[in-house]
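Taken together, the values in this text are just the output of simple stated rules run on the coordinates, not laboratory data. From a predicted model like this one, the values you see are computed outputs, not experimental measurements. No Cβ is skipped: glycine too gets one built from the backbone with ideal geometry, and neighbour counts run over all protein chains shown.
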């Protein structure tokens with residue numbers, strides 16, 4: 001009887017091992033270092049969730065790159081950011097145009113150089129707005145939604161603030177508001193990763209996990225550009241305000 005029970009346990013273990021391994025990999029991925037697959041034949045970059053995030057006419061991103069922020073399919077974001085060996089790079093124009101398909105060389109983005117703040121802050125504002133809208137429409141049934149949404153909205157508000165502050169050249173204010181923002185966003189990531197989705201409305205082209213990976217990558221490039229180190233400690237962004245313009249995520253309920 002005991003031998004038969006032991007054999008049954010061994011069989012169950014063999015059958016469940018792939019699922020357990022996937023769970024371990026997924027948990028390890030929550031260590032905030034997005035992974036990618038680069039197809040050098042078609043010049044396509046996919047994130048670790050299988051979504052195509054970049055299409056190129058030549059090799060731009062290397063296999064061991066991380067924190068990839070590709071050019072946008074629309075708008076004025078024509079270049080690609082990536083990190084390799086703890087260095088940050090920007091390739092000026094990677095989107096295909098009718099005029100040229102020149103292979104531009106990567107440019108090193110110096111720590112604290114304030115050379116790409118407007119572009120990165122604009123991208124972060126768009127991405128965090130899409131994340132909040134996705135949460136608002138498709139994830140509000142999850143336990144702890146209000147608190148997590150409030151924190152995600154704080155990140156959105158900081159992105160809007162930085163975009164405006166860059167036009168006023170208020171560098172100190174930008175650095176102060178970015179302090180600890182990575183920690184706040186990592187907390188949002190930890191909450192959302194285990195949530196279920198009830199589809200109400202499709203927001204953007206990517207799933208919620210891919211959106212968060214893109215936000216994380218953009219945030220790290222922005223912090224590097226303004227001279228703010230990645231931290232595990234720091235102040236939180238101020239409470240949400242409200243907004244206008246194109247459809248924006250609604251602010252969370254007022255705290256009692």
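Observations, loosely collected:
- Order of 80, 231 under a 10 Å beta carbon neighbour criterion, fewest first: 231, 80
- Residue exposure sequence - 209, 135, 120 - by fewest surrounding Cβ within 10 Å: 209, 135, 120
- Model label points for residue 247 and residue 176, set 7 angstrom from Cα along the Cα-to-Cβ axis, are 3.6 nm apart.
- Estimated inter-spin distance, residue 86 and residue 140, nm [label 7 Å along Cα→Cβ]: 4.5 nm
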